[in-house]
1. At R0 = 41 Å, how high is the FRET efficiency between Thr412 and Arg84 if r is their beta carbon distance? Nearest 0.05 is fine.
2. Per-residue accessible area for Val217 at 1.4 Å probe radius, Å² rounded to 10?
3. Please express the Cα-Cα pair-distance distribution P(r) of the range 334-416 as a list of whole percents, one per 10 Å bin, running from 0 to the bin with the greatest distance.
4. In nm, what is the difference between 0.36 nm times the number of residues separating Gln389 and Leu116 and their Cα-Cα distance?
5. Quick one: grab the alpha carbon gyration tensor of the range 1-42, order the square roots of its eigenvalues as a ≥ b ≥ c, and give me rounded if a/c is under 1.5, else prolate or oblate depending on whether a/b is larger than b/c.
6. If R₀ is 30 angstrom, what is the calculated FRET efficiency for the pair Arg22 and Ser397, using the beta carbon separation as r and rounding to 0.05?
7. Determine ³J(HN,Hα), in whole Hz, for all residues of the range 423-438 in sequence, where each value follows from phi through the Karplus function 6.51 cos²θ - 1.76 cosθ + 1.60 and θ = phi - 60°; x replaces Gly and Pro.
8. At a probe radius of 1.4 Å, what is the per-residue accessible area of Thr412, in Å² to the nearest 10?
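The values are calculated or read from the model by the stated rules, or taken from the named source; none is laboratory data. These numbers come from a predicted model, not from an experiment. Methodologically, a virtual Cβ is constructed for each residue, glycine included, from the backbone with ideal geometry; neighbour enumeration extends over all protein chains shown. Keep in mind that these areas ignore ligands, DNA and RNA; they rest on the heavy atoms of the full protein, side chains included. Shrake-Rupley method; radii C 1.70, N 1.55, O 1.52, S 1.80 Å.
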Amino acid sequence: MVIDELDKLKSTRDDAVAYNAREAIRILEALSETGNMIQGIDLPNGGKIFLANEASDWTQLNGEGLGLKHTPDNAILRYVCYWRDRHPDQRPILVSKDTNMRLKGRGLDFEVQNYLYDRLLTPEELSKLDAGHTLIEVNDPGVFQAFCQALIRTDRKATQPPNAALLGDAVEPDSLAENQCCTIRHDQQYVLAIYKRRRDLFINVPKPDMTSCAGDVKPKNDAQAFAYSLALDPEIKLLALDGKAGSGKTLIALLAGYNQLGDGYDQMRVYRPTTEIGDKLGFLPGDIEEKFGPWKDPIIDNLRFMLRDGGRLKSGFKDGEQIKGDLVAELMAQQQIIIQPITFLRGRSIPFSYIIVDEAQNLTPVQIKTVITRAGRGTKVVMVGDPSQIDNRYLDSVTNGLVYAIHRCRKTGWPHFGHVQLETSERSELADFAAEAL
C-alpha cells in the first residue's frame, strides 16, 4: 500500500512532494539490495525496515468488522492493529501527518504521533522568532551623548565606530546577533544603529526623513530605515525582510536595488512563485512572458510608483540618458531589471546581480535553497514575504521557505546575513486596518 501511494505521488505531483516520493523509493530500493526486506533489514540507527506482506487481504485485516472502507489509509490502520495483535510484547506507533489517520488510530486504540521533522519550530517559537531589531535603554545621559557623538562622527570618517563597551551596562554584547538592528534610546531621544558582532561596533543608520514630501519614495519609519540600510550594506549577502501587508518590504527592496544598479550590481532580478489565490485559472495563452504577466504586475506596479516622476537609467547602457516615456519598460528592455518565475532557475549561476525573491513565504525550503544557491560572485539575495499570508496549501507558518531560511541563518550566526521585521503598514489607513482586523 505504501509503495503504491509513493508511486502515485511521484506520478501525479510536480512539486517537492513528488521529489521526496522519488527519493523515498530510491532509498527503499537501495536498502532492499542489502538484505531480505521480508525478514527485515537492520538500519544504522538500530531500527529495522521491512515490507509487510503477512496480511494478504482485507478480510484477514478484519477491516469490514469496524465499518472501515477498503482504502489505502484504512488498510495501513488495520495493519497496525494486526501487528499489535500478533506481537503483544511490542508497542506499535503510527506516525502520520494526516490528522484523520491519527484520529482513527486513537479510535482503534493504538498510539499515534504527528510527523514533526519538517516543522522547524512550533507556533509558540514562531511568535518569539527574533524580529531582527532590539531596543537598548540607556539611563545615563552622559553615556548616551558620548555614544551618539561617536556614532554620528562615524559618518564623517573621523573616528572608529563605537563598540558595545561605550554603552556600559546598558547592553550585553552576547545578547546581540550579527547585524542586529538596534534602537538606542534615552528618555525621548534615540538613534538607530546596526551592530556588527564580529568587529564589536555599531554602524549608524540615518533616521527616516519625516519632513519629506508625501510622494517621495524613501524609508518612512525606523523599520524601513533598518531594511534600507541592510539592503545597501555590501557586507550583507543574504537579507530577509518579513512583515505584514503594506509595510513596504518589496518597495524598500526595489528602491535599494535600483539605487545600486551600475554601482555594484549589473542587474536587478526579481523572482516570484506562480502561486494562485483561490481557484486556479487554468492554462493561459501565449509564451512564457505572456503567461507570467499577471505575476509580474505587482512588481511593475511598485516600480512605476517608485519611478513615476521619471528618472535616468542607472548604468552605462545609455549614459544616464533621461527617459521621457515609460522608464520601467525601458529598464526592462535594457535588461537592467528582469522579472521571472523561479521555475527555470535550477542549474543557473547569476553573478553581479541584486536578486529579490518576492512572496518567499510561498516557497518550500527546497525551493528557497534552489534560488539562493544560484547566486554567483558579487550577487546579493533579498528575500521578501509575509508568513501570515501563505497561498501554497502545502505550507504553513512554520514550514515555509522564508521562515526556514531565517531560522537556519540566525542559528548558524553567518556574518553576511541580515534580517528585520517590518510591522507598520504604510500602504494606506484601509490596508493597515485590514491587516490587523481581518
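1. 0.45
2. 30
3. Here the calculated profile for the range 334-416 is 17, 49, 29, 5.
4. 96.1 nm
5. prolate
6. 0.65
7. Along the range 423-438, the couplings run 10, 9, 6, 10, 5, 5, 4, 5, 4, 5, 4, 5, 4, 8, 9, 9 Hz.
8. 90
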